[in-house]
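The values are calculated or read from the model by the stated rules, or taken from the named source; none is laboratory data. Just so it is clear, the structure is predicted and the values come from calculations on it, not from any experiment. Because the Cβ atoms are built from the backbone with ideal geometry, glycine has one as well, and the counts that use them run over all protein chains shown.
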Amino acid sequence: MTNLISRKVVIVGAGAVGSGFAFALAQAGIAEEIALVDVNADLAKGQALDLAHGAPFYRPVHIHADTAPTAYRNAAVVVVTAGKAQAGPDQSRLDLMQINARIVTSIIADIQAVNPNAIVLVATNPVDIVTHVARIRTHWPRGRILGSGTVLDSARFRWLLAEHCGISPQNVHASILGEHGDSEFAAWSLVHVGGLPMNDYCSICRKCDFLQRRPQIVEQVRRSAYHIIGYKGSTSFGVAMAMTQIVRAILRNERRVMTVSAALTGEYGLNDVTLGVPCVLDANGIAEVIEAPLTASEQQELERSAQILKDGLARLE
Ligand code: NAD
């Protein structure tokens with residue numbers, strides 16, 4: 001029974017992101033109970049039933065719909081995907097700030113009331129601002145309220161680099177840092193291909209003038225969500241897999257490094273802001289923020305991104 005409780009994951013919001021995540025999490029075989037909660041109770045029930053019908057095909061997990069706040073009791077991790085999504089390719093994530101901060105604040109109050117020891121992973125956009133507000137409301141340690149940050153953006157970056165170099169994405173290590181949004185940037189100085197720093201790899205490979213291609217690749221990462229939303233209305237599979245890796249790192253105490261959205265307390269010379277930086281994830285959520293040695297221009301980009309988020313926070317009603 002103890003194990004069952006410690007591996008319970010509650011997903012708030014059973015829409016495109018929440019249901020995609022539930023599917024990926026079930027396939028991953030790491031949770032013992034997955035509860036879906038949505039203000040649209042029928043949607044949560046339908047998604048849970050649809051997923052439960054695959055039970056013979058993945059490792060045992062009890063998937064069901066539930067209602068807030070009782071569902072949050074005994075959850076090891078509560079994943080918040082509830083709220084408005086970008087309506088189309090012309091809407092930015094920051095445009096969702098007022099309404100989604102309100103929605104997530106009330107969800108967080110419910111979680112705090114019944115399960116003050118939970119770890120909360122926020123995906124709702126603008127994820128950095130919403131995560132920041134949620135943490136301030138709870139006064140919880142920063143490790144226990146984290147956002148999905150730039151984990152998905154870093155995966156997109158790794159995939160694009162891998163395609164470009166003709167190397168498996170698993171051998172490309174690369175991070176997008178800052179806001180999960182328009183001001184995010186590539187930390188080129190941290191990119192490694194096959195264990196070699198990118199510049200060393202390029203000087204051996206010599207198949208292209210990679211310096212010229214860099215801005216194009218970063219712009220492709222930045223515009224990814226807009227392109228997908230333009231094509232199919234929402235993004236779901238990529239973020240679902242990214243969140244599954246985050247939750248896996250927590251449930252399995254992996255000490256994996258991922259660029260989740262973390263509240264900074266002096267790291268990188270920044271305070272009072274929450275954004276995507278490399279963090280060590282363990283059973284307590286964020287165990288450490290890694291202060292990577294950025295170049296002067298990368299540090300400037302991080303500060304610019306932080307300022308944009310702070311300006312957004314200042315505009316919050
Ligand atoms: P969606 O409209 O398909 O689903 C959102 C769901 O939230 C709806 O079913 C709605 O009924 C529910 N909801 C709203 N208020 C609620 C509340 N108070 N309690 C419970 N449920 C509530 O939207 P989506 O495409 O799943 O996107 C969800 C969020 O995730 C959006 O903010 C979107 O921008 C964000 N997102 C984040 C990332 C990321 O990398 N962080 C990626 C994609 C989307």
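Which residues, counting only those in the range 72-101, are part of a helix (DSSP H, G or I) and in contact with a helix residue (DSSP H, G or I) (Cβ under 9 Å, 6 or more places away or on another chain)?
Correct list: 72, 93, 94, 96, 97, 98, 100, 101.
Condition test on residue 268, is it on the phi > 0 side of the Ramachandran plot and aromatic (Phe, Trp, Tyr)? First the steps, then the outcome.
Details: on the phi > 0 side of the Ramachandran plot: yes; aromatic (Phe, Trp, Tyr): yes.
The answer is yes for residue 268.
If you scan the range 111-141, which residues turn out to be assigned to a loop (DSSP other than H, G, I, E, B) and out of contact with any Gly (no Cβ under 9 Å at 6 or more places or on another chain)?
The answer is 115, 116, 117, 118, 139, 140.
Please indicate, with yes or no, whether at least one residue in the range 297-304 is closer than 18 Å to residue 148 by Cα, modelled with pLDDT of 95 or more and within 22 Å of the chain's Cα centre (by Cα).
Yes, the range 297-304 has at least one match.
Restricting the search to the range 19-38, which residues are near the ligand (Cβ under 10 Å from one of its atoms) and under 13 Å from residue 66 (Cβ atoms)?
36, 37, 38
What number of residues in the range 134-148 are more than 8 Å from the ligand (Cβ to nearest atom) and either of a type in the set (D, E, K, R) or touching a Leu at 6+ places or on another chain (Cβ under 7 Å) (or both)?
Counting residues in the range 134-148 that are more than 8 Å from the ligand (Cβ to nearest atom) and either of a type in the set (D, E, K, R) or touching a Leu at 6+ places or on another chain (Cβ under 7 Å) (or both) gives 5.
Of everything in the range 20-53 that's out of contact with any Asp or Glu (no Cβ under 9 Å at 6 or more places or on another chain) and in a strand (DSSP E or B), which residue is surrounded by the fewest Cβ atoms within 10 Å (Cβ to Cβ)?
33
Exactly one condition in (1) more than 25 Å from residue 285 (Cα to Cα); (2) in contact (Cβ under 8 Å) with a residue 40 or more places away in the chain; (3) within 16 Å of the ligand (Cβ to nearest atom); (4) assigned to a helix (DSSP H, G or I) is false for residue 234; which is it?
Against the list (1) more than 25 Å from residue 285 (Cα to Cα); (2) in contact (Cβ under 8 Å) with a residue 40 or more places away in the chain; (3) within 16 Å of the ligand (Cβ to nearest atom); (4) assigned to a helix (DSSP H, G or I), residue 234 comes up short only on (4).
Looking at (1) more than 15 Å from the chain's Cα centre (by Cα); (2) touching a residue at least 60 places away in the same chain (Cβ under 8 Å), which is the one condition that is false for residue 165?
Every condition holds for residue 165 apart from (2).
Counting just the residues of the range 69-113 that are at pLDDT 95 or above, within 8 Å of the ligand (Cβ to nearest atom) and surrounded by fewer than 21 Cβ atoms within 10 Å (Cβ to Cβ), which one comes out farthest from residue 181 (Cα to Cα)?
Of everything passing the filter in the range 69-113, 106 is farthest from residue 181 (Cα to Cα).
From (1) modelled with pLDDT of 95 or more; (2) out of contact with any Leu (no Cβ under 8 Å at 6 or more places or on another chain), pick out the condition that doesn't hold for residue 23.
(2)
Of everything in the range 173-206 that's assigned to a strand (DSSP E or B) and among the small types (Gly, Ala, Ser), which residue is surrounded by the fewest Cβ atoms within 10 Å (Cβ to Cβ)? Steps first, please.
So in the range 173-206, the residues assigned to a strand (DSSP E or B) come out as 173, 176-178, 185-186, 192-193, 196-197.
Imposing the further condition that a residue be among the small types (Gly, Ala, Ser) reduces the set to 178, 186.
On the way: 178: 30, 186: 25.
It comes out as 186.
Give the residue that is surrounded by the most Cβ atoms within 10 Å (Cβ to Cβ), with candidates limited to residues of the range 142-172 that are of a type in the set (Gly, Ala, Ser) and in a helix (DSSP H, G or I).
154
Please give the number of the condition residue 236 fails out of (1) in contact with a strand residue (DSSP E or B) (Cβ under 8 Å, 6 or more places away or on another chain); (2) more than 16 Å from residue 158 (Cα to Cα).
(1)
Look at residue 289 and say whether it is over 13 Å from the mean Cα position of the chain (by Cα), surrounded by 18 or more Cβ atoms within 10 Å (Cβ to Cβ), farther than 27 Å from residue 119 by Cβ and of a type outside the set (S, T, N, Q).
Taking the combined requirement at face value, the residue does not satisfy it.
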